[in-house]
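Since the structure comes first, as structure tokens, the remarks are kept for the end.
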Amino acid sequence: MTAVFVVSLAGYVLSDAVLQQNTLQQAKPNRDGEYGQLVNWLPKSAKLAIEYRAKYLFLQNRMNRARKMDQKVDAIFTFADYIKAKDPVGSDTMLISVVTDPQYNGSRRAYKSFARLLLSKTSKRPVTMEEYHKHIAGLRWEEDIFDAWVAGQTQLNALRVPDPVYLKFFAPLLEHPKPYTNYDRFYNDVERRAKKIGENAIAAKAAQIKAANRAGRRSLSQNLLRAPLEYRERYSEAQEGLAAAKTPEEKVSWLTSLATMTRDKDDAESNRLFDQLLDTPELKNAKNAYMPLSRLLLYNRSKRKISIPQYHAVLEKIQDPMQLYMAWEAGMQQLMSLKAKPKTMLEYLSPLLDREIKYQDYAGLFREIVKNAEALKDTATAAKANAFLTKVQETFMPSLMMGDEALGNE
């Protein structure tokens, strides 16, 4: 009776509503907090049951609340994977829904469910190798294609299939080689298994592709492979914006966005886009041609790196007051993103102290001068910058960003 009472009381105190509200930090509860006080006195089996239920509700809630397709499909797989031990039929049903529902199986993350059902001996609807190959062929992004091959290999490892099955699975990679060193893991596997069963021609082909990939020294970066789902949404939006761009300024804006976005994820594409921006006459002469240059300011990983004096020379040539201000701001933001030291920030911003600045928009840049000058104990520079900030407060100064009418009278 005591055990029944304890479990019943726990069920009452830790109701679904409570669990849904707190989610137990995704089933990693803080034993010193409210949760710990409630369940520490319970038997271990009861605590494990409560923790399972808490994470169950958390994952179920995340799945039900997901609105974007890729996030929905990803959440379905995560939930199905979590409940597979306690509810294998329910887990299988959810995985099958991703594979069979057209609105789901076109998702970037559907490969996870396809892979889990690949050659499954327990599913009501296993995925054939041909179906899996067709799904991979329909994926658009290289990181998803690579992850799909990894997921398939993991499934075959779990099933412990014979060597000929592995060779059949990886056959498309021999027929249509991938030029990335990341794929060495697959070609190594093919070479080893092919030698083992006397398929020397296949082993030689795998070794040849692997050698070519290493010579080419191309790889999919870990930053790209770990990029959130939203990365490709933003990338696609930028591509659409570029396609719709009419003026050189619009093209510069979208190309710079793409070049910056792909940096560290696909450096080859990023470098190509920066080369296009800096070498195309139409784009070099655009009013906002400073944009790509600002992104290259002190960026050591690019062969087109721009020094501070070089960027200052670019600023000197800008005649339009609005573009000039935005160019100064863009350079400062670049240095801040690089976490530049105070000395570097002052090297960049100090020329503003010797100019007759008429616009209150520059206040943010002068505050940055004050902050970095004070960090270096440069009281004279800080005082000059503060003098401008005092002028902003005490004197009417037109705003570039607000389009103040006084702008034309200055």
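The values are calculated or read from the model by the stated rules, or taken from the named source; none is laboratory data. Everything numeric in this text was worked out from a predicted model, so none of it was measured. As a convention, Cβ positions derive from the backbone with ideal geometry for all residues, glycine included, and neighbour counts pool all protein chains shown. These accessible areas exclude ligands, DNA and RNA; they are computed on the full protein's heavy atoms, side chains included. Shrake-Rupley method; radii C 1.70, N 1.55, O 1.52, S 1.80 Å.
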Grab the DSSP H runs of the chain that are 4 residues or longer, score each as -39,500 (n - 2.57), total them, divide by all residues and round the 222 nm result to the nearest 500 deg cm²/dmol. -21000 deg cm²/dmol
Calculate the spin-label point distance for residue 226 paired with residue 185, positioning each point 7 Å from the Cα along the beta-carbon direction, and give it in nanometres. 1.4 nm
Sketch the reach of a paramagnetic label on residue 356 as a point 7 Å from Cα along Cα-to-Cβ, and name the residues of the stretch 374-395 whose backbone nitrogen lies under 20 Å away. 384-395
Can you give the accessible area of residue 176, probe radius 1.4 Å, in Å² rounded to 10? 120 Å²
Sort 232, 185 from largest to smallest accessible area, using a 1.4 Å probe on the heavy atoms of the protein chains. 185, 232
Could you tell me the accessible area of residue 352 in Å² (1.4 Å probe, neighbours in place), rounded to the nearest ten? 0 Å²
Percent RCO, i.e. relative contact order, over the stretch 289-410, from Cα pairs under 8 Å lying at least 6 residues apart: 20 percent
Vicinal HN-Hα couplings computed from phi for the stretch 232-240 (Karplus, 6.51 cos²θ - 1.76 cosθ + 1.60; Hz; Gly/Pro x): 6, 5, 5, 4, 5, 4, 5, 5, 5
Measure nothing fancy, just the Cα-based angle from helix 2-13's long axis to the longest principal axis of the chain, in degrees from 0 to 90, nearest 10. 30 degrees
How high is the relative contact order of the chain, given as a whole-number percent (alpha carbon pairs under 8 Å, six or more residues apart)? 6 percent
Once you have all Cα-Cα distances for the stretch 269-323, histogram them in 5 Å bins from zero and send the whole-percent values. 4, 19, 30, 26, 15, 5, 1
Stretchable slack from residue 87 to residue 284, in nm (0.36 nm times residue separation minus alpha-carbon distance): 64.8 nm
Quick calc: nm separation of the 7 Å Cα→Cβ label points for residue 130 and residue 176 -> 1.7 nm
Keeping the other protein chains in place, figure out the carbon and sulfur percent of the accessible area of the chain, with a 1.4 Å probe. 52 percent
Enter the accessible area of residue 356 (Å², nearest 10), with the probe set to 1.4 Å and all protein chains included. 130 Å²
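Taking a probe of 1.4 Å, how large is the accessible area per residue of the chain, in Å²?
55 Å²
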Per-selection Rg to Rh, the chain - Cα, Kirkwood hydrodynamic radius: 1.10
For residue 269, placing the label point 7 angstrom along Cα-to-beta-carbon and taking the stretch 213-237, residues whose amide nitrogen sits under 18 Å are 218-237
If you plug each phi of the stretch 83-98 into the Karplus form 6.51 cos²θ - 1.76 cosθ + 1.60 with θ = phi - 60°, what whole-Hz ³J(HN,Hα) values come out, in order, with x for Gly and Pro? 8, 4, 6, 8, 9, x, 5, x, 4, 4, 4, 5, 5, 4, 4, 5
Mind pulling the angle between the C-alpha long axis of helix 184-196 and the longest principal axis of the chain? Nearest 10 degrees, somewhere in 0 to 90. 30 degrees
Ranking by accessible area, most exposed first, for 226, 304, 109 with a 1.4 Å probe: 226, 304, 109
Hypothetical label at residue 322: residues of the stretch 257-297 whose amide nitrogen lies under 15 Å (7 Å Cα-Cβ projection): 287-289
